[in-house]
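> One structure is given below, represented as structure tokens, and several questions about it will come after.
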Amino acid sequence: MSQTFLLGLVLIPALVIAIVFHEVAHGYAARLLGDPTASERGRLTLNPLAHVDPVGTVLVPGALALLGGPVFGWAKPVPVNIWQLRNPRYGMVGVAAAGPATNFALALLAGLLAHAVEPWQASLGPEGAAFAYRAFGLFILANLVLGLFNLFPLPPLDGGRIAVGLLPRTPAMALARIEPFGLLVVMFGLFLLPQLIPGYDPMGWFFRGVVAPAFDFVLMLTGHG
């Protein structure tokens with residue numbers, strides 16, 4: 001069995017865990033802040049099937065993978081009734097921030113748990129130990145990519161909702177109006193503009209300039225460098 005296949009078997013569950021915990025964190029934060037909608041609709045569950053969006057979780061990433069492009073997708077959003085939050089404006093900031101914060105916490109936890117490989121290196125052998133470290137690395141990477149990408153300040157991404165809650169009223173309302181078209185703007189910027197503008201590589205910049213330094217920072221914080 002090839003290393004690539006084995007790592008694929010690790011990456012897929014890592015992405016599923018990252019996405020599910022991200023969505024459930026939104027729901028728990030909403031409940032803590034006064035809105036029980038996600039709980040009432042059965043969305044506070046770690047069952048991945050409850051969070052699958054047929055288009056965003058299956059169709060779009062599958063088509064992009066077949067076309068050889070950067071894989072992009074989304075889960076079914078956890079329902080939040082902003083008007084049931086005790087403080088609708090700042091409560092939504094907390095709900096939005098809970099998803100990325102959970103991903104960053106999972107990345108740090110994986111970095112700490114990776115130390116458990118060390119006592120087993122002799123039993124695992126060089127290849128087994130290297131695979132175990134790479135598996136933890138992929139889990140860290142999956143959570144950092146999801147958490148950091150969602151902090152982009154464009155609704156309906158979490159960063160956009162955080163920005164709407166923190167900006168003064170006029171720019172906040174202007175930004176909030178973008179939400180119905182936000183995903184289209186993201187897909188245009190990621191997939192169409194690079195075809196039109198030579199040298200424009202937003203995903204390359206994101207991985208090199210944002211994800212890679214964050215990955216190194218997690219390794220440093222968890223004692224791996």
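The values are calculated or read from the model by the stated rules, or taken from the named source; none is laboratory data. All figures in this text were calculated on a predicted structure; none of them were measured in a lab. So basically every Cβ, Gly included, is an ideal-geometry build from the backbone, and we count neighbours across all protein chains shown. Remember, those area values only see protein heavy atoms, side chains included, never the ligands or the DNA or RNA. Shrake-Rupley method; radii C 1.70, N 1.55, O 1.52, S 1.80 Å.
> Taking the convex hull of the Cα atoms, report for the stretch 134-202 its projected area averaged over all directions, in nm².
6.1
> Continuing with the same structure: How much accessible area per residue does the chain have, counting only protein heavy atoms and a probe of 1.4 Å, in square angstrom?
Working: 12640 Å² over 225 residues.
Per residue, the chain has 56 Å² of solvent-accessible surface.
> For the charge dipole of the stretch 43-192, defined by +1 on Lys and Arg C-beta atoms and -1 on Asp and Glu C-beta atoms about the Cα centroid, which residue among F136, Q84, N47 has the Cα displaced farthest towards the positive pole?
So the residue furthest toward the plus end is Q84.
> What part of the accessible area of the chain, given as a whole %, is carbon or sulfur when the probe is 1.4 angstrom?
That fraction is 72 percent.
> Would you please report the Å³ per residue occupied by the convex hull of the alpha carbon atoms in the stretch 88-197?
Hull volume over Cα atoms, normalised by residue count, gives 121 Å³.
> Right, something else. Return the single residue from D35, D158, D201 with maximal mean-square fluctuation; model: Gaussian network over the chain, springs between Cα atoms under 10 Å.
D201
> I've got another one for you. From zero up to wherever the largest Cα-Cα distance of the chain sits, split into 10 Å bins and tell me the percent of pairs in each.
Going from the shortest bin to the longest, the percentages are 8, 28, 35, 22, 7, 1, 0.
> Looking at the chain as a GNM with Cα springs under 10 Å, which of L33, L144, L124 has the largest mean-square fluctuation?
L124
> Ranked from the most accessible area to the least, with a 1.4 Å probe and all protein chains present, what is the order of M173, M92, M220?
If we order M173, M92, M220 from most to least accessible, we get M220, M173, M92.
> Cut-off 10 angstrom, C-alpha nodes, Gaussian network model of the chain. Which of V16, V185, V52 fluctuates the most?
Sorting by GNM fluctuation, first place goes to V185.
> Moving on. Once Lys and Arg get +1 and Asp and Glu get -1 on their Cβ, which of N150, G125, A174 lies farthest toward the positive end of the dipole of the stretch 79-198?
A174
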